[in-house]
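Written out below as structure tokens is the structure these notes cover.
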Amino acid sequence: MIDGLPDGLTARHPTVEDHPRVLAVLETWWGGLKGEAGALERALLLPRLYFQHFTTTSYVVEHRDGQLAAFLVGFMSQSEPDTAYVHFVGVDPALHGRGIGQALYGAFFELARAHGRRVVRCVTSPENTASQAFHTRLGFTASTPVEDYDGPGLTRVAFTRVL
């Protein structure tokens, strides 16, 4: 399903049963970024509905033993017919630098193209400099921080990549 994953890892589309598994890794994988407020913010960004209604455009990556290694939650915009959107992506920090994030995005880019999309968008917090660097390496263009992007006090850096 996804080319370029390291040996021992497989990808599939998520199911609703994956929702609690993904929520369980958020705090650890993000290393406590922005403290308790950041942990709550991340959990609220991934309600169950993403694991019910966006499964065919999202992925989970697992080790042979079923342990979660990475995930990407994305969708095709209903309002902008040329746009696809990566809502949330995460890779186990122990696996950083092994090409997993790049492979996930590559699969999503292919899926977006197959659906006639020409642009992929996503956002990250200004504090998440590792995410900003990663997206820039993938060819995304970053905006300046947009205040209140996701509500009062929730500033984001918006990214755009033309396919």
Within the range 70-78, does at least one residue satisfy the condition of being hydroxyl-bearing (S, T, Y) and within 16 Å of the chain's Cα centre (by Cα)?
yes
Filter result (open to solvent by less than 90 Å² (accessible area, probe 1.4 Å) and either basic (K, R) or touching a helix residue (DSSP H, G or I) at 6+ places or on another chain (Cβ under 7 Å) (or both)) within the range 88-109
V89, G90, V91, D92, P93, G101
Tell me which residues, restricted to the range 131-161, are farther than 21 Å from E80 by Cβ and surrounded by 12 or more Cβ atoms within 10 Å (Cβ to Cβ).
S131, Q132, F134, T136, P145, L154, T155
Here is a check on your reading of the model: is A69 small (G, A, S), farther than 25 Å from H115 by Cα, open to solvent by less than 20 Å² (accessible area, probe 1.4 Å) and assigned to a strand (DSSP E or B)?
yes
Condition check: in contact (Cβ under 8 Å) with a residue 40 or more places away in the chain and either in a strand (DSSP E or B) or surrounded by 17 or more Cβ atoms within 10 Å (Cβ to Cβ) (or both). Does A112 satisfy that?
yes
Tell me, yes or no, whether the range 44-60 has at least one residue that is out of contact with any strand residue (DSSP E or B) (no Cβ under 7 Å at 6 or more places or on another chain), basic (K, R) and open to solvent by less than 30 Å² (accessible area, probe 1.4 Å).
no
Any residue that is of a type in the set (D, E) and in a loop (DSSP other than H, G, I, E, B) - is there at least one of those in the range 40-63?
no
Given (1) surrounded by 15 or more Cβ atoms within 10 Å (Cβ to Cβ); (2) within 23 Å of L26 (Cα to Cα), number of the condition T83 does not satisfy
(2)
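The values are calculated or read from the model by the stated rules, or taken from the named source; none is laboratory data. Please read all numbers here as calculations on a predicted model, not as lab measurements. Neighbour counts run over all protein chains shown; Cβ positions are idealised from the backbone, glycine included. Side chains included, ligands, DNA and RNA excluded: accessible areas come from the protein's heavy atoms. Shrake-Rupley method; radii C 1.70, N 1.55, O 1.52, S 1.80 Å.
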